[in-house]
Amino acid sequence: MDLAFERRGSGEPLILIHGIGHHWQAWLPVLDRLAAARTVIALDLPGFGASPGLPDGIPYTAESLADAVESFCALLGVREPHVAGNSLGGYIALELASRGVVRTATALSPAGFWSRRELLYCQAVLRGLRAMARSLPPEQLAKTAENPRLRTISAGVLVARPSRLDPAALIAATEALAGSTGFDETLESFGGLMPPAPPKTPVTIAWGEHDRLLLRRQAVRAARWSGQRVKLLKGCGHVPMSDDPELVARVIVQR
């Protein structure tokens, strides 16, 4: 697939995959740190950011989005890259590891390790965030992003430290969420999402200490699935890249 992407750095290739409703710019806080050690390719998933949607007849599921990432890598001539993802992107990274098509995979608070109640909670929160993003007129969105208290209300469920969010980045992320054509169908597909098959390549899973969307107790299930201890991202929320860029980059590169 011909996806929108940003490429920086040199070295072994590293594919970065964002979460549902987000865009490649989610990785901006860590992009240059990672590019110091890797050729970093941060992409927009089909139906998100600036990427076109999936072809007609192909449903939005984590597996079909993983297919799209795999096809995208083939189109670029990138074979067996490292891959890192957050939330839905974390699940996709683990799915690619289970297929054995990546060299290593790092998953930050990956989707798919929830109980039924936790899944319903996650879907309800994301629907609420999407509705809010679509209802805010531009002038109100700008005021929300600039006001520390309103920024905490709007983004506190996703990041532990809303004060570290760049207002312009929050505006862009909110607009991306509002405009994601693949959002609704992808979110609905979460109801049938189960952990992928056992990985064929090395994986690292890390969880935000203050994750308020995919609660950190889900890390216990991820640890059982992976057969190894899950790393705790201290002081971080569900989308940890802005909370502690140095820590996140170190987990991805050093494994």
How large a share of the accessible area of the range 111-255, in percent, is made up of carbon and sulfur atoms when the probe is 1.4 Å and the other protein chains stay in place? 55
Once label points are set 7 Å from the Cα along Cα→Cβ at both Arg212 and Ala36, what is their separation, rounded to one decimal in nm? 3.1
When a/c reaches 1.5 or more, the comparison of a/b and b/c decides; with that in mind, is the range 1-145 rounded, prolate or oblate per its Cα gyration tensor? prolate
Taking R0 as 35 Å, what's the FRET efficiency between Arg229 and Ile153 from their Cβ-Cβ distance, rounded to 0.05? 0.55
The FRET efficiency for Leu75 and Asp166, from their Cβ-Cβ distance with R0 = 41 Å and rounded to 0.05, is 0.85
Between Asp184 and Arg117, what is 0.36 nm times their sequence separation minus the Cα-Cα distance? Round to one decimal in nm. 22.2 nm
With the Cα gyration tensor of the range 106-204 giving a ≥ b ≥ c as the square roots of its eigenvalues, does the rule (a/c under 1.5 for rounded; else a/b larger than b/c for prolate; else oblate) give rounded, prolate or oblate? prolate
At a 1.4 Å probe radius, which order do Arg127, Arg38, Arg99, Arg224 fall into by accessible area, largest first? Arg224, Arg127, Arg99, Arg38
Check each of the GluC sites (Glu not before Pro) in the range 166-244 and keep only those in coil by DSSP with at most 12 other C-beta atoms within 10 angstrom; list them in order. none
Once you charge only the Cβ atoms, +1 for Lys and Arg and -1 for Asp and Glu, what is the size of the charge dipole of the range 95-156 about its Cα centre, to the nearest 20 debye? 120
If R0 is 41 Å, what FRET efficiency do you get for Ala197 and Arg7 from their C-beta distance, rounded to 0.05? 0.85
What is the distance, in nm, between label points placed 7 Å from the Cα along the Cα-to-Cβ direction at Arg103 and at Asp56? 4.1
Binned Cα-Cα distance frequencies in the chain - 5 Å width, integer %: 1, 7, 15, 20, 21, 19, 12, 5, 1, 0
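In terms of the Cα gyration tensor, with a ≥ b ≥ c the square roots of its eigenvalues, is the range 154-255 rounded because a/c is under 1.5, prolate because a/b exceeds b/c, or oblate?
oblate
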The range 102-152-the range 162-207 distance, computed between alpha-carbon centres (Å): 8
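The values are calculated or read from the model by the stated rules, or taken from the named source; none is laboratory data. Just so we're clear, the structure is a prediction, and the values are computed from it rather than from any experiment. Every residue, glycine among them, receives a Cβ derived from its backbone with ideal geometry; neighbour counts consider all protein chains shown. Areas reflect the complete protein model, heavy atoms only, side chains present, ligands, DNA and RNA absent. Shrake-Rupley method; radii C 1.70, N 1.55, O 1.52, S 1.80 Å.
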